[in-house]
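Reviewing the structure listed below.
FYI, it's all coordinate maths here, none of it is from the lab. None of these values were measured; they are calculated from a predicted model. Glycine also receives a Cβ, built like all others from the backbone with ideal geometry; neighbour counts cover every protein chain displayed.
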Amino acid sequence: MQLQQEKGHFTYEDYYAWDNEPRCELIDGEIYFMAMPTVSHQRISGRLLRRFGEHLDGKKCEVFPPLDVRLNWERGDDTVVQPDLLVICDPEKIADGKSVKGAPDLVIEILSPSTAGYDTTKKLAKYCKAGVREIWFAGPEAGTMLVYKRNDSGGYIIDFYHRDDKITVGILPDFTIDMKDIFETEEGEIS
């Protein structure tokens, strides 16, 4: 599909009409095209999805692979993002069956060279402003995780984890993830 490049501001209605072709996100009416994920990216995503899914089975919160997230939909914000993984604990946010309306409780972005700058600046700012409680950035090449946890004053505590660490999920304090399980390949090497 060819987008009208001369249009300066796109709306959620424009985005919704594209049917995910091309694959993109919309931040404040501006299009950001997304690259196809690599094998390493998908391995990490699948491992995280399985671990969160197993832990959340039968519980109130749910984990999802990429879904359209309208962070500030109630204010008419022309922003739609698709985190690599997201956890939703309020079923009202997914009641329409099409998108997430409001801030997820946790988002995970798996960084790639082509999107790392965008993910850790523009998307991070939108996530923080919307009040996402926990934001993770996975670094596949180094086997690292940068984690932002929202504190009671509305700011964020930032922690950095390496492949030998374990992460206690802030929104799910009874759940810990071993980084080795996320970043090791079948041959035992880091992805």
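Note down the net charge around L111, summing +1 for each Lys or Arg and -1 for each Asp or Glu among other residues with Cβ under 13 Å from its Cβ. If you can, show how the numbers build up before the last one.
Values: positive: K123; negative: D84, E109, D119, E141.
Net charge around L111: -3.
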Task: Rounded tilt (10° steps) of 39-56 against the dominant C-alpha axis of the chain - done: 80 degrees
- [ ] Using the number of other C-beta atoms within 10 angstrom as an exposure proxy, rank W73, W136 with the fewest first.
- [x] W73, W136
TODO: Give me D for the chain in µm² s⁻¹, whole number, from Stokes-Einstein with Rh from the Kirkwood sum over alpha-carbon pairs, 4 °C and 1.567 mPa s.
DONE: 75 µm²/s
Task: All-pairs alpha carbon distance profile, the range 129-175, 5 Å steps from 0, percent - done: 5, 20, 29, 24, 14, 7, 1
Task: Cysteines having no other Cys beta carbon under 4.7 Å from their own, within the chain - done: C24, C128
TODO: Pull up the cross-link candidates among the aspartates and glutamates for K180, meaning alpha carbon to alpha carbon under 19 Å and not fewer than 8 places away within one chain.
DONE: E54, E109, E141, D159, D164, D165, E189
